[in-house]
Amino acid sequence: SEASSSEWKLTVIDIDERKQVESNLKYSEAKFRSISQSASDAIVATDSYGHIQVWNPAAAVMFGYSEEEILGKPLTILMPDRFHAAHELGLRRVRQTGSSLLNSQTMELQGLRHSGEEFPLALSISMWAIHGTLNFSAIIQDLTERKKREDELHHAISAAETANRAKTLFLAHVSHEIRTPMNSILGMGEELVETTLDPDQQHFVDVLNRSGLVLMALINDVLDLSKIEAGQLELETLVFDLRRLIEDVREVLEPQAKNSENHLSCFITDNTPTMVRGDPQRLRQILINLLGNAIKFTKKGKVTLKVQVDAEDLILFTVSDTGIGIPSDQHDAIFHPFIQGETFSSRRFGGTGLGLSITRHLIDLMNGRIWVESCVGQGSTFYFTLHLPPSDDRGDSEKCAPETHNNDLEHASGDAHTIESLSILVVDDSDDNRLLIKTFLRKTAHHVDLAKDGEEGYEMFIRRPYDVVLMDIQMPIMDGYAATRKIRAWEQREHSIPARIIALTAHAMKEVAQQVIDAGCDHYLSKPIRKQHLLTVLDQIHRPGDGRPGKCAP
């Protein structure tokens, strides 16, 4: 039949591969959806025009829109109005060029919740294509809590810095207020020693002077500890003679050792370098603290300092005594502020417990290490190591040798006073301090005039220029900074040879020292001013042929 003569064609197609692809695609989609649904971060995907195609539960929680509310909506619904124009411009550029500078980069932006609340977010964008069509996906993190913690930390740091600055200013102010009367107390004590006194009076003056020096040591310790805690204590690197420094320290402490019936000895091994680089002033402070403690806590015994080079080429300092010793459970605690080896030590032996804390901090700043070995009743041995590189440069050794005070007028020596007389103007608002300096100079050939503030001092100076001006810094009406600047300006106008202006400051902070130099002072003296030191400074000043002062003598 016609039907039987018809031909049928059967085509068989193997769809296993397609089924596998479809299966893989379904698996991938299920895997993506599972990841998307369980992710803690918001996952959002859009087409090339910025219409939202994917919206996971975390995004719904973060922005406040359900999936039904948001799908198909423009991405701009999730950002404040001020960002819309830039967003649309960026999308057009991507569609035109096919590339995005933002791909895989993380940015911090502001998002907009359904409620209208703005919040900080971190956004990481990826761009991809399906069948030539661009799509975008983003992973979004809510930074609200992190920013809150950062703000709290910032405020805490700011508050701590403010408190630290306030403490520093307070200590500087207290130091100034204490040093000013201490200048008169210690100065007049020095003058009393030079008068005729009966034995009782001599004893009273000795007690007065010792107590004043103890108080000044306490003030210096508190300031040092404050500067260390504030990170404001700076070290110097100078060439100095280590053996000379050790001998200076021994000479300073010898009277204290004899008073407590102790034998003080110092040993330096032959292989220890003589000239080294480091901070001689701070090393001196460390040694005086450790040896002073050893003498204080030892009665009728031995105190020994040994200096040698250890196996690592570091300088090892060993301070040992035969004193009361330290309990083993307090070997670490004694290096903390206000702690001494026994709870009753401060009553028995005096002191604040600051010395060892400052010593440890100084050694740490110098990249060294300190430790102690001690038993109660068997004495103590303190060890510390420092890296003090040897130096062949002896040219600056005299200049850089450790001195008693903290400024560069300390380098002169000798007791002879200048034969030449100088005209000296003392500018200080304190009646007692003016009287003290005039008393210091009463037996010299110098001519001394007094002014009670900077304005009066300036007027006196321009009427009769002086060789030397001893200028107090903190004064009413016109302070020492302003008076110094006015004097320097007058000297320039009149083409006058500059006078030597020496600042007298009760501030012990390093920045104050720099400020007085910047104002035009040549040098500064920290109160309390010692008589011998003042006389030595004046001895350094010599006058050239025209009768005006030149530079300090070397």
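Annotations for the structure displayed:
- Of everything listed in (1) closer than 22 Å to residue 373 by Cβ; (2) at pLDDT 85 or above; (3) of a type outside the set (Phe, Trp, Tyr); (4) open to solvent by less than 80 Å² (accessible area, probe 1.4 Å), the single unmet condition for residue 334 is (2).
- Restricting 138, 60, 86, 122 to residues that are assigned to a helix (DSSP H, G or I) and within 47 Å of the chain's Cα centre (by Cα) narrows the list to 86.
- Listed by first and then second residue, the pairs with beta-carbon distance under 7 Å, at least 6 apart or on different chains, first residue in segment 54-70 and under 8 Å from residue 42 (Cβ atoms), second among the charged types (D, E, K, R) and assigned to a loop (DSSP other than H, G, I, E, B), are 58/41; 63/113.
- Unmet criterion (only one of (1) modelled with pLDDT of 90 or more; (2) open to solvent by 90 Å² or more (accessible area, probe 1.4 Å)) for residue 92: (1)
- Residue satisfying all of: in segment 353-383; touching a residue at least 60 places away in the same chain (Cβ under 8 Å) and in contact with a Gly (Cβ under 6 Å, 6 or more places away or on another chain); nearest to residue 299 (Cα to Cα) among these: 379
- Of all residues in segment 414-433, those satisfying the criterion of being modelled with pLDDT under 90 and open to solvent by less than 60 Å² (accessible area, probe 1.4 Å) are 414, 418, 421, 430, 433.
- Pairing each residue of segment 249-271 that is closer than 16 Å to residue 296 by Cα and in contact (Cβ under 8 Å) with a residue 12 or more places away in the chain with any residue that is open to solvent by 20 Å² or more (accessible area, probe 1.4 Å) and of a type in the set (A, V, I, L, M, F, W, C), provided the two are 6+ apart or on different chains, yields C-beta distances under 8 Å for 249/266; 249/288; 250/266; 252/288; 253/288.
- Test: residue 197 is more than 36 Å from the chain's Cα centre (by Cα) and open to solvent by 60 Å² or more (accessible area, probe 1.4 Å): no
- Residues located in segment 63-74, provided they are within 19 Å of residue 143 (Cα to Cα) and either touching a helix residue (DSSP H, G or I) at 6+ places or on another chain (Cβ under 9 Å) or open to solvent by less than 20 Å² (accessible area, probe 1.4 Å) (or both): 63, 65
- Segment 183-194: number of residues that are aliphatic (A, V, I, L, M), without any contact (Cβ under 8 Å) to a residue 24 or more places away in the chain and open to solvent by less than 70 Å² (accessible area, probe 1.4 Å): 1
- Consider segment 95-119 and keep the residues that are in a strand (DSSP E or B) and modelled with pLDDT of 85 or more. The one that is surrounded by the most Cβ atoms within 10 Å (Cβ to Cβ) is 111.
- Residues in segment 120-151 that are open to solvent by 40 Å² or more (accessible area, probe 1.4 Å), among the hydrophobic types (A, V, I, L, M, F, W, C) and within 19 Å of residue 90 (Cα to Cα): 127, 128, 129, 139.
- Applying the criterion of being open to solvent by 10 Å² or more (accessible area, probe 1.4 Å) and more than 16 Å from residue 382 (Cβ to Cβ) to the residues of segment 263-274, the residue that is farthest from the chain's Cα centre (by Cα) is 263.
- With respect to the conditions (1) at pLDDT 75 or above; (2) acidic (Asp, Glu); (3) farther than 21 Å from residue 143 by Cα, residue 22 lacks only one, and its number is (1).
- Of all the residues in segment 291-302, those that are buried (at least 24 other Cβ atoms within 10 Å of the Cβ) and out of contact with any Gly (no Cβ under 8 Å at 6 or more places or on another chain) number 1.
- In segment 288-320, residue nearest to the chain's Cα centre (by Cα) [restricted to those that are in a loop (DSSP other than H, G, I, E, B) and within 15 Å of residue 383 (Cβ to Cβ)]: 314
- Close pairs from segment 157-182: first assigned to a helix (DSSP H, G or I), partner open to solvent by 60 Å² or more (accessible area, probe 1.4 Å) and not acidic (Asp, Glu), Cβ under 7 Å, at least 6 apart: 176/474; 182/215
Yes or no, residue by residue, for (1) within 20 Å of residue 188 (Cβ to Cβ); (2) open to solvent by 10 Å² or more (accessible area, probe 1.4 Å); (3) hydrophobic (A, V, I, L, M, F, W, C); (4) modelled with pLDDT under 85:
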{"residue": "500", "(1), (2), (3), (4)": "no, yes, no, no"}
{"residue": "504", "(1), (2), (3), (4)": "yes, no, yes, no"}
{"residue": "508", "(1), (2), (3), (4)": "no, yes, yes, yes"}
{"residue": "511", "(1), (2), (3), (4)": "no, yes, no, yes"}
{"residue": "527", "(1), (2), (3), (4)": "yes, no, no, yes"}
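- Selection count where residues are exposed (fewer than 13 other Cβ atoms within 10 Å of the Cβ) and of a type in the set (D, E, K, R), scope segment 200-219: 2
- Candidates 243, 179: the one that is buried (at least 18 other Cβ atoms within 10 Å of the Cβ) and of a type outside the set (Phe, Trp, Tyr) is 179.
The values are calculated or read from the model by the stated rules, or taken from the named source; none is laboratory data. From a predicted model like this one, the values you see are computed outputs, not experimental measurements. With ideal geometry, Cβ positions are generated from the backbone for all residues, glycine too; neighbour counts draw on all protein chains shown. We work out accessible area using only protein heavy atoms, side chains counted, and drop any ligands, DNA or RNA first. Shrake-Rupley method; radii C 1.70, N 1.55, O 1.52, S 1.80 Å.
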